[in-house]
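Novice: Here you go, one structure.
The values are calculated or read from the model by the stated rules, or taken from the named source; none is laboratory data. Here the structure is a predicted model, which means the values were calculated and not measured. Here the Cβ positions follow ideal geometry from the backbone for every residue, glycine too, while neighbour counts run over all protein chains shown. SASA here: full protein model, heavy atoms, side chains in, ligands and nucleic acids out. Shrake-Rupley method; radii C 1.70, N 1.55, O 1.52, S 1.80 Å.
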Amino acid sequence: MLTTLAAAALAMSSLVPTGGVAELSPPDYVRVDVLTVNGSGCPAGTAAVAPSEDRTTFTVTYSQFLAQAGAGSEPTDFRKNCQLTLQLSYPQGFTFGITQADYRGFAHLQAGATGLEQGNYYFSGMSPTARKPHTYHGPLSDNWQATDSTQWDAIVYAPCGERRLFNVNTELRVTAGSSRGNSFMVMDSTDSNVSTRYHFSWKRC
């Protein structure tokens, strides 16, 4: 059963890319359906997708996306991942790509430990975007935030006239290294801010 997370009247303001050419205003509606959720970082019922309040992005929140290493952890806990398969519905004559992905969470890394976040996304049948690792070193006990941006002329759009599924992948890793005690890295929204935000770019076919 599809879970409809956004519908009707997605009206966003025009954006102006670096090249100085005004980008197309978005279509008047968009719907996002979650088809599948897979991965050790997002057990069933622990990931949700929704449009942002200004309706220029969609966001993903997680409640159990935690990687850890060191004391008290299991051997498989050092790496957690999540893949979401999404279906977007919008008027004919439009297509979309992603200009930017913002990731955030909290890290508690002992001295000598290392944490890593990386992600990518792709349309079914097309090559994934490159994974851009973001590395953090202990000692650290604080919020973290990372951004992957795409140049306007390098944005990958869904093929015109085809409704390709959109896949979102994220990964966390923690390496104990020379540290003692427990180290962990989490992608969550405990302070009511989103875990991950994806920014739309629309154009006419």
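Novice: When you look at ARG163, is it open to solvent by 70 Å² or more (accessible area, probe 1.4 Å), in contact (Cβ under 8 Å) with a residue 12 or more places away in the chain and within 30 Å of ALA111 (Cβ to Cβ), yes or no?
Specialist: no
Novice: Turning to a different aspect of this structure: Could you go through segment 46-54 and let me know if any residue there is of a type outside the set (S, T, N, Q) and free of Cβ contacts under 8 Å to residues at least 12 places away in the same chain.
Specialist: Yes: one or more hits.
Novice: To continue, here is another question. Can you pull out every residue in segment 87-126 that is of a type in the set (Asp, Glu) and open to solvent by 10 Å² or more (accessible area, probe 1.4 Å)?
Specialist: ASP102
Novice: Output the number of the condition that GLY39 fails; it satisfies all remaining conditions of (1) exposed (fewer than 15 other Cβ atoms within 10 Å of the Cβ); (2) at pLDDT 85 or above; (3) at positive phi.
Specialist: Among (1) exposed (fewer than 15 other Cβ atoms within 10 Å of the Cβ); (2) at pLDDT 85 or above; (3) at positive phi, the lone unmet condition for GLY39 is (1).
Novice: Take SER25 and decide whether it is at pLDDT 95 or above, among the small types (Gly, Ala, Ser) and open to solvent by 10 Å² or more (accessible area, probe 1.4 Å).
Specialist: No.
Novice: If you don't mind, another one. Check LEU84 against each of (1) under 30 Å from GLY181 (Cα atoms); (2) open to solvent by less than 40 Å² (accessible area, probe 1.4 Å); (3) at pLDDT below 95 and name the one condition it does not meet.
Specialist: Condition not satisfied by LEU84: (1).
Novice: Follow-up. Tally time: how many residues in segment 157-186 are in a loop (DSSP other than H, G, I, E, B) and within 20 Å of HIS134 (Cβ to Cβ)?
Specialist: Total satisfying the criteria: 3.
Novice: Cβ contacts < 6 Å: first residue without any contact (Cβ under 8 Å) to a residue 24 or more places away in the chain and among the charged types (D, E, K, R), restricted to segment 55-73; second residue assigned to a strand (DSSP E or B) and open to solvent by less than 10 Å² (accessible area, probe 1.4 Å), any location; separation 6+ or different chain. Result?
Specialist: So the pair list comes out empty.
Novice: Residues to consider are ASN81, ASN120; find the one that is touching a Pro at 6+ places or on another chain (Cβ under 7 Å) and of a type in the set (S, T, N, Q).
Specialist: Result of the check over ASN81, ASN120: ASN120.
Novice: I need the full set of residues from segment 166-181 which are open to solvent by less than 70 Å² (accessible area, probe 1.4 Å) and either over 20 Å from TYR198 (Cβ atoms) or not aliphatic (A, V, I, L, M) (or both), in order please.
Specialist: Within segment 166-181, PHE166, ASN167, ASN169, THR170, GLU171, VAL174, ALA176, GLY177, SER179, GLY181 qualify.
Novice: Give segment 127-151 a look and list any residue that's over 15 Å from the mean Cα position of the chain (by Cα), loosely packed, with under 15 Cβ neighbours inside 10 Å and not β-branched (Val, Ile, Thr), or say none.
Specialist: Correct list: SER127, HIS137, PRO139, SER141, ASP142, ASN143, GLN151.
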